[in-house]
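Visitor: Below you'll find the structure I mean.
The values are calculated or read from the model by the stated rules, or taken from the named source; none is laboratory data. In this text, all values refer to a predicted model and were calculated from it rather than measured experimentally. Positions of Cβ are backbone-derived with ideal geometry, glycine not excepted, and every protein chain shown enters the neighbour counts. All accessible areas refer to the heavy atoms of the entire protein, side chains included, with ligands and DNA or RNA removed. Shrake-Rupley method; radii C 1.70, N 1.55, O 1.52, S 1.80 Å.
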Amino acid sequence: MALSTSSNFVSPDDAFRAIVEAHRGLTESQSADLDAALVLVLANHIGDLDVLREAIALAKLRTLDASQQQQQQQQ
């Protein structure tokens, strides 16, 4: 199975809203715990270590790129 990076949702905005709403009312710590639990549940659902590793690498790259862009804008 290859990592799919295009949207598989009929309504991507609704999926995003569901994630945002799940965090509403949580503390920062609870929100981080929710994210971690959600990642583990979805990783288990994927069930393919190669796809999981690819997803981790892509997410890390995007996070680092966003962080670098923020630093450049602050300079």
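Visitor: Specify which residue in the list 52, 9, 19 is farthest towards the positive end of the charge dipole of the stretch 1-63, using unit charges on the beta carbon of Lys, Arg (+1) and Asp, Glu (-1), about the Cα centre.
Guide: 52
Visitor: Let me ask you something else. Simple spin-label model, 7 Å along Cα-to-Cβ: residue 40 to residue 62 in nm?
Guide: 2.3
Visitor: Within the accessible area of the stretch 1-55, what % is carbon and sulfur when the probe is 1.4 Å and the other protein chains stay in place? The partial results should precede the final answer.
Guide: Values: 2730 of 4550 Å².
On the stretch 1-55, the fraction of accessible area on carbon and sulfur atoms equals 60 percent.
Visitor: Further question on the same structure: Solvent-accessible area per residue for the stretch 14-75 at a 1.4 Å probe radius, Å²? Numbers along the way, then the final one.
Guide: Values: 5360 Å² over 62 residues.
Value returned for the stretch 14-75: 87 Å² of accessible area per residue.
Visitor: Could you tell me which label, among [x] 1.07; [y] 1.42; [z] 1.30, carries the value of Cα Rg over 2.2 N^0.38 Å calculated for this structure?
Guide: From the options [x] 1.07; [y] 1.42; [z] 1.30, the structure gives [z].
Visitor: Tell me, what is the 1.4 Å probe accessible area of residue 54, in Å² to the nearest 10?
Guide: Number for this one is 90 Å².
Visitor: Roughly speaking, what is the stretch gain from residue 7 to residue 23, that is 0.36 nm per residue apart minus the C-alpha to C-alpha distance, in nm to one decimal? Please list the in-between numbers first.
Guide: On the way: separation 16, 0.36 × 16 = 5.76 nm, distance 2.16 nm.
3.6 nm is the gain from fully extending residue 7 to residue 23.
Visitor: Using helices alone, I'd like the mean residue ellipticity at 222 nm for the chain: each DSSP H run of four-plus residues gives -39500 (n - 2.57), total over residue count, nearest 500.
Guide: Numbers: 3 runs with 57 residues, N = 75.
The helix contribution divided over the chain gives -26000 deg cm²/dmol.
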